[in-house]
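The values are calculated or read from the model by the stated rules, or taken from the named source; none is laboratory data. The shown structure was predicted, so the numbers you read here are calculated from the model rather than taken from an experiment. Please note: Cβ atoms are built from the backbone with ideal geometry, for glycine as well, and neighbour counts cover all protein chains shown.
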Amino acid sequence: MLRRREEGARAPEMRLDEAVGLARALELKIVSAEVARLTEYRPSTLLGQGTVEKWKGFIAAEHVEVVLVDGTLSPVQQRNLERAWSCKVIDRTGLILKIFAARARTAEGRLQVELAQLTYQRSRLVRTWTHLERQRGGFGFLAGPGESQLESDRRLLGERIVQLKRELEGVRRTRGLHRKARQRVPYPVVALVGYTNAGKSTLFNRLVEGRVLAADMLFATLDPTMRALKLPSGRNVILSDTVGFISDLPTDLVAAFRATLEEVQGADIVLHVRDISHPDSEAQRGDVMAVLADLGIGPEATDGKAAQPVLEILNKADLLTPEARDSITNQALRDPDRILLSALDGEGCELLLRRLDDLLAAAREVIDVTVGPADGAALAWLYRHGEVLTRRDSDDGTRLTVSLDPADRARFEHRQAGRR
């Protein structure tokens, strides 16, 4: 396991720990992990010749089968390092793709992972014929050596990629229909986002008594899960658990998971779950906020809309020292959009639910409505979907003052217009 040191980046030791966690997520046995200082960029091997030679002896002595380089390797660099070390070399992108391939459970998740894998694989087809032979086991349609075979492989990869994109576009349309169906049953959507292993699934299970896999490992959850959640006011919302983010997430993977990320874009409220006990918590926050901004979410959104409220959920309070806990508690008291809690023992979860209630209530609109004496269905609809503040009955009908969500108001007006 090698971690390339980059000036100005987050602490190399923290990144190395994260890379080790990624490797363990694939149940790989770590023989050694080290930060490799890179004094100059080498197009042929990335690492300096001295570093390559140093690890060549160690790899041979320890019978190492796989070397993970926590950085981006060009196809040429990967090929040259494999030749020098006589073992398999995987970069950060390849490692994350392998984790996703091992964890995806739904048909949609498998499609997304395969698209990202094949897009990545296509860039690796500049290798010599021996490496095409070695890669054949991963993708059954890759055939033997030779320039004509290379062209054939590229064509087959391209055709499969086009097919996958077509299928995922169908998934995207289906998700759109599901969102429209949820709008007809007006439940606001609350989406959990955050750095991988921040405790999103543990919080999800705590709030809805779900059965989502929650484990102390990176990318324990890949496929989005939704459950109904009842707030203290009695209103229902839909809680959505999503895939965790990570620094330097492969671009192809972000593109492949676009349909999943659209669930976050369509959410009414976003809960950014942070592992506040992690030494690199602030840097992880920056990585997540950058992805959200690209999606048009949050105060740093590139389109400036920032339509959805974003609450920072400072999770794993149970792991804080008393001094750190006091400091973070004081910060959270001054900012209602920061909530300190422990998903593991439930501390702070009631405060979170009340805050969700407050945010949804603040978005409601108060309107005056007159319902005809024979329109009992409309009266029942308003009581079911809104909060009736005042009511006055007369022979001409019932006059109400009602607090409604903007979407419910639009549905009610559309409903009444259709009855005229």
Against the definition (of a type outside the set (Ser, Thr, Tyr), modelled with pLDDT of 90 or more and surrounded by 15 or more Cβ atoms within 10 Å (Cβ to Cβ)), how does Asp357 come out, yes or no? yes
Any residue that is assigned by TED's automatic domain parsing to the domain that holds Leu353, at pLDDT 85 or above, out of contact with any helix residue (DSSP H, G or I) (no Cβ under 6 Å at 6 or more places or on another chain) and closer than 14 Å to Leu239 by Cβ - is there at least one of those in the stretch 209-222? no
Regarding Ile30, is this residue modelled with pLDDT of 90 or more and in a loop (DSSP other than H, G, I, E, B)? yes
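Is it true that Leu73 is in a helix (DSSP H, G or I) and of a type in the set (A, V, I, L, M)?
Numbers: in a helix (DSSP H, G or I): no; of a type in the set (A, V, I, L, M): yes.
No.
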Check on Val310, in contact with a strand residue (DSSP E or B) (Cβ under 9 Å, 6 or more places away or on another chain), assigned by TED's automatic domain parsing to the domain that holds Ser247 and farther than 30 Å from Arg415 by Cβ: yes
